[in-house]
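First up is the structure itself, then whatever we jot down about it.
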Amino acid sequence: MSAPEPHSPADLEPRKGCPSPRLSEEEFKRRFLNQFQDPAYDSLSPELAKVAAAAWDAYANSRKSPNTRKAGPGYAHPEYDLSLDWIAACEAIDAAQHRHENPDGPLRFLLINGSSRSEHTCPGELSKSYRMVEAAREELQQQTGVNIAVLDLSRLASEYGRQIHPCKACFSTSAALCHWPCSCYPNYSLGQVHDWMNEIYPLWVEAHGIMIITPVNWYHTSSPLKLMMDRLVCADGGNPDPTSTHGKHAKEAKEIEMKGWDYPRHLAGRVFSVIVHGDTEGAENVRRSISDWLKSMDLEPAGTLAEVDRYIGYWEPYATNHVAYENDHAFQDEVRNASRTLHEAAAARRRGQQVAAGASLRQPRQK
């Protein structure tokens, strides 16, 4: 990629002006201790006060990544102190990439349930999306030499310590500032921990075929799915070397980008299927937006039958939506056909028989 037109140093100065989010010690400790509402903690008040004081010290001194080691060979700045959490995430992704590239390994599929509904929390019953994932899994299991992983995003709403923190939009400052994998989390000083993405990235990397099944929530994807989508921005153009920007040094990242950034496509070549279901409106647009997002990351559509948008129980009561799904045998068959198509596309691509026309052409515009 050719270098962009030169800019003055002032053009690359990060713009600032947001009010400070910093808390007083009193407010910080109030918020920190507010999580211990259960009477079981009452007898531990002295100990909790000590823990709150330690947490305040970490916050006041902005110790985002307290556990580090020198980056070592292979990085732009070997002496930079890299987070042990990031190193572990990077090693997991590298291992997943080896599994993906192993010609003797199984065909790997990732099935994603985008609904937040489950019987293990307030709604009191499982989602139709999860039932579709199970139908797709059962269909794929009939094939030989496959490995199937299910990513159930409803666990964000039902499982203790399971979170996907929001994207901080580093890419909007500079592509080079968005690290692959994401280095924004965990941030121990802000209590931004239990982030699920370091476990999710390898699932995407190792997969040969990916199926996303989601309901329509207010004309958009579900909130759990959107959180994951945003945090996958680092997979498309993200910087695999955090030392090159000395962590989150915005101006350094801008300077690197302006010298010419190659926008590495870390998930390129995987094939995908998208199934979106709604009850009134929005299914077509949500399916298109997810498909467009995946294609923008250089993933490849598995085929026409692998992309489905349908309405179940159109304008019918919510109370009987599972009955509507159970009665819609055509839709259930479409889900099965989508999984068959995904398998065929992944198998053909491994054999070198599925070619994405234009894949070798250089794109004149990036991001």
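Scanning region 1-26 for residues that are modelled with pLDDT of 95 or more and over 32 Å from the mean Cα position of the chain (by Cα), we see that the one that is farthest from K248 (Cα to Cα) is E26. Annotation: of all residues in region 247-300 being farther than 30 Å from R349 by Cα and basic (K, R), the one that is modelled with the lowest pLDDT is K259. Within the option set P21, P46, being closer than 21 Å to S183 by Cα and of a type outside the set (S, T, Y) holds for one residue only, P21.
Do we find a residue being of a type in the set (F, W, Y) and touching a residue at least 60 places away in the same chain (Cβ under 8 Å) anywhere in region 55-67? Within region 55-67, one or more residues are of a type in the set (F, W, Y) and touching a residue at least 60 places away in the same chain (Cβ under 8 Å). Residues in region 116-136 that are within 20 Å of R336 (Cβ to Cβ) and in contact with a helix residue (DSSP H, G or I) (Cβ under 8 Å, 6 or more places away or on another chain): K128, R131, M132, A135, A136.
Reported count of residues in region 176-191, each being surrounded by fewer than 17 Cβ atoms within 10 Å (Cβ to Cβ) and either out of contact with any Lys or Arg (no Cβ under 9 Å at 6 or more places or on another chain) or in a loop (DSSP other than H, G, I, E, B) (or both), is 1.
When we screen E159, E206 for residues that are of a type outside the set (S, T, N, Q) and crowded, with 23+ Cβ neighbours inside 10 Å, the only hit is E206. Determine whether D81 is without any contact (Cβ under 8 Å) to a residue 12 or more places away in the chain and not hydrophobic (A, V, I, L, M, F, W, C). So D81 fails the test. The residue list N327, N285, N321 contains one member that is within 22 Å of the chain's Cα centre (by Cα) and more than 28 Å from L107 (Cβ to Cβ), which is N285.
Residue count for region 327-365 satisfying the condition of being surrounded by 12 or more Cβ atoms within 10 Å (Cβ to Cβ) and more than 16 Å from L140 (Cβ to Cβ): 5.
Scanning region 190-203 for residues that are in contact with a Ser or Thr (Cβ under 6 Å, 6 or more places away or on another chain) and either under 30 Å from G247 (Cβ atoms) or not polar (S, T, N, Q) (or both) turns up nothing. Consider region 127-148 and keep the residues that are touching a residue at least 12 places away in the same chain (Cβ under 8 Å) and part of a loop (DSSP other than H, G, I, E, B). The one that is surrounded by the most Cβ atoms within 10 Å (Cβ to Cβ) is S127. All of C122, C170 fail the test of being out of contact with any strand residue (DSSP E or B) (no Cβ under 6 Å at 6 or more places or on another chain), buried (at least 16 other Cβ atoms within 10 Å of the Cβ) and not basic (K, R), apart from C170.
Among the residues of region 334-346, are any assigned to a strand (DSSP E or B) and not aliphatic (A, V, I, L, M)? Within region 334-346 (the criterion being assigned to a strand (DSSP E or B) and not aliphatic (A, V, I, L, M)), the answer is no, since none of the residues qualifies. Within region 152-175, the set of residues being assigned to a loop (DSSP other than H, G, I, E, B) and of a type in the set (A, V, I, L, M) comprises L153, I164, A169.
The values are calculated or read from the model by the stated rules, or taken from the named source; none is laboratory data. Note that the structure is predicted; figures quoted are calculated from it, not measured. We place every Cβ from the backbone using ideal geometry, glycine too, and count neighbours over all the protein chains shown.
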